[in-house]
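Notes for the one structure printed next.
Just so it is clear, none of the values below were taken in a lab; they were calculated from the coordinates. Bear in mind that the values here come from a model prediction, so they are computed numbers and not experimental data. With ideal geometry, Cβ positions are generated from the backbone for all residues, glycine too; neighbour counts draw on all protein chains shown.
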């Protein structure tokens, strides 16, 4: 299970807004400056979209009845991150390449290859949406638990 520490910032209905802090347990890259930023569960696009500090805020189901200021652990089930990456990037890329190759082989035209690529990307988008990478899932990709204090 991939975990990272966090602090509950505010509540909104049955959800808690959590600020992810510290290095996650996913890999050693968190030690490197400018790594993937998985500790904050952010993405490269956050900077482009102007989310800045908000990229580290996660809206999660508050199943533990946490309150603002509580220290929690943000958990991702084993394989959930890899599955999300595959659905978001892998499948659309594979379908785009397959569409380009098939349309190019059938017609020999570069324009047809581009059209096949776009059709493949569109198909990848629908596969991703149908696979349920949305917040309405019965089992969320991320969840929170109270942080346990280890006794030495």
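Quick notes on this structure:
- Counting neighbouring beta carbons within 10 Å and listing from fewest to most, the residues 86, 17 come out as 86, 17.
- Cβ-Cβ FRET estimate between residue 118 and residue 82, R0 fixed at 35 Å, reported to 0.05: 0.85
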